[in-house]
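See below for the structure under consideration.
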Ligand code: BG6
């Protein structure tokens, strides 16, 4: 019997408006947090020092970024999907995409975030995109908030720590659910919702004047996003019963470094830190381990009457997550000096059994099977891997070919492990590798960290034709999709 993925499996690719669209000040789009992300130099890369992703933002830095004429802010031009969407969607169709994950830039629809009336030009842009996708039978999977947030809501309201933002978000969500009814069925509310609890600014719009992260404000902002997400889920179902709404977690699988019982317990704590978000959004209530954590850290969350009920009544329909790497966890009791490693917001000891990418992220295909099993055992809802991939330095040859065998190797091994997980019984419904067409990196704002099947001819400074070229992985992925996985199983 031929090994294949289940019929109807949603093969595709993923992007986000803030890193892909560009056109940051076109057709009435308002400024967003992502527009203030300056590019990190290659030297800063490994620690992400200077990145707005990890360091606390201040109002001063935001104002500086907006008036800065010297610095580089590559998310402002992205890959120019705004003007090249037809060509890009044709390339996706050529690969055989069944689905395309993209996000709507909130500040394109509501430039300041708190208006009553939406910006028609912004709405019309996504109409054009969804119509183009429909021409090829590609199902959009749309994130409502992916690492950008209207800047006006930061400066006037203090970001997500302000409860009023819930209403603005729900108004935005209802506006797009109504407008794109019948065109979009799959929605994600907040990209990597757990990252807000670790950073604050990009997705949460939080500023910390003393340049320290404040856990209490971050968790209050998270609570507001939970409530907003549940209310948006409710609205999505009311507006169109065909809508399916998912949560999105940056999954960080943490292995205990040894069999020392304290390492095992440390790994459980680490898992709780990560799974807390899914526990609330899928199971509909705050887990008890988190109540203990809040108590021990003197965090007193403000709940309003009805919040618990809203969370309980409107959980998500499915769970999606990003998976790039795993980490290892060691308790002080089994401490030894291990080699350090980098990652998407995890800096820790390196796993000696794994190799690393050029950016120090450790590559672990089996970890994807581990995580799929763990998540499905725990939640028993359909799962989607909506980000995975290898950020690498690609070379555009004279003949415009790009030989990215390393990327093929990475993706192939991960897809094989997804297949194993499905055989284990996991209900996995889709796979959208990250940055299917090259785009600007979220953490370091570089173009040279490429994930795509399609090369975009632009450098870190924004020089280049922005023309698109098919990489070797483009043809490989096309075969994978056409054979529903059989070509590599
Ligand atoms: C995820 C984000 O964390 O990782 C994406 O949802 C991001 O927006 C991706 O681009 C890869 O991270 P980076 O920093 O390599 O772009």
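Read-outs: derived from the displayed coordinates by stated rules, not from any lab. Quantities reported herein were computed from a predicted structural model and do not represent experimental measurements. Positions of Cβ are generated from backbone atoms using ideal geometry, with glycine treated the same way; all protein chains shown enter the neighbour counts.
With r as the distance between the Cβ atoms of residue 424 and residue 90 and R0 = 30 Å, compute the FRET efficiency 1/(1 + (r/R0)^6) and round to 0.05.
FRET efficiency, residue 90 to residue 424: 0.25.
For segment 1-119, compute Rh as the Kirkwood radius over C-alpha pairs and then the Stokes-Einstein diffusion coefficient at 20 °C and 1.002 mPa s; write the answer in µm²/s, rounded to an integer. Could the numbers behind the result be given before it?
Working: Rh = 16.8 Å.
This corresponds to a translational diffusion coefficient of 127 µm²/s.
Let me have the relative contact order for segment 62-160, percent, based on Cα pairs under 8 Å that are six or more residues apart.
Relative contact order for segment 62-160 comes out at 33 percent.
Hey, what did segment 93-245 get for relative contact order, percent, Cα under 8 Å, at least 6 apart?
On the way: 227 pairs, mean separation 40.6, N = 153.
It comes to 27 percent, rounded to a whole number.
Taking Rh as the Kirkwood radius, which is the inverse of the mean 1/r over Cα pairs, what is the Rg/Rh value for segment 347-489? The partial results should precede the final answer.
Working: Rg = 16.2 Å, Rh = 16.3 Å.
Checking Rg against Rh, the ratio lands at 0.99.
On the Cα set of segment 69-119, report Rg and Dmax in Å, please.
Calculated on Cα positions, Rg and Dmax stand at 15.0, 42 Å.
Where does segment 406-489 land on Rg(C-alpha)/(2.2 N^0.38 Å)?
My calculation over the Cα atoms of segment 406-489 gives 1.26.
Got the relative contact order for the chain handy, in percent, Cα pairs under 8 Å and 6 or more residues apart?
Reported as a whole number, the value is 19 percent.
Let me have the 222 nm mean residue ellipticity of the chain computed from DSSP H runs of 4+ only, each contributing -39500 (n - 2.57), with the sum over all residues rounded to the nearest 500. Don't jump to the answer; show the numbers that get you there.
Details: 14 runs with 179 residues, N = 489.
Result for the chain: -11500 deg cm²/dmol, rounded to the nearest 500.
Normalized C-alpha radius of gyration of segment 67-164, against 2.2 N^0.38 Å?
1.26
Mind ranking 303-316, 469-482 by how tightly packed they are, going by the mean number of other C-beta atoms within 10 angstrom, highest first?
In decreasing order of mean packing, 303-316, 469-482 become 469-482, 303-316.
What is the Cα centroid distance between segment 294-309 and segment 159-186, reported in whole angstrom?
So the two Cα centres are separated by 24 Å.
Place the peptides 59-70, 103-114 in order of packing, highest mean first, counting for every residue the other Cβ atoms within 10 Å and averaging per peptide.
Descending mean neighbour count gives 103-114, 59-70.
In nm, to one decimal, how far is the residue 459 label point from the residue 283 one, both placed 7 Å along Cα→Cβ?
It works out to 5.2 nm between the two label points.
How many percent of the alpha carbon pairs in the chain exceed a separation of 31 Å?
Beyond 31 Å sits 39 percent of the P(r) for the chain.
Quick one: work out Rg over Rh on the C-alpha atoms of segment 292-428, Rh as Kirkwood radius.
Over the Cα atoms of segment 292-428, Rg/Rh equals 1.07.
Compute the Rg to Rh ratio over segment 387-440 from the alpha carbon atoms, using the Kirkwood formula for Rh, and round to two decimal places.
Checking Rg against Rh, the ratio lands at 1.08.
Rounded to the nearest angstrom and ordered from largest down, what semi-axes does the equivalent ellipsoid of segment 97-251 get from its C-alpha gyration tensor (root of 5λ)? Working shown, then result.
Values: eigenvalues 146, 52, 38 Å².
Ellipsoid semi-axes (Å, largest first): 27, 16, 14.
Beta carbons within 10 angstrom, averaged per residue: use that to sort the peptides 260-273, 166-179, highest first.
166-179, 260-273
Rg and Dmax in Å for segment 226-273, alpha carbons only: what are they?
Rg then Dmax for segment 226-273, in Å: 17.8, 52.
Find how many whole Å separate the alpha carbon centroid of segment 75-145 from the alpha carbon centroid of segment 424-489.
One Cα centre to the other: 17 Å.
Write down the percent of antiparallel bridges among all DSSP beta bridges whose residues are both part of the chain, to the nearest 5.
20
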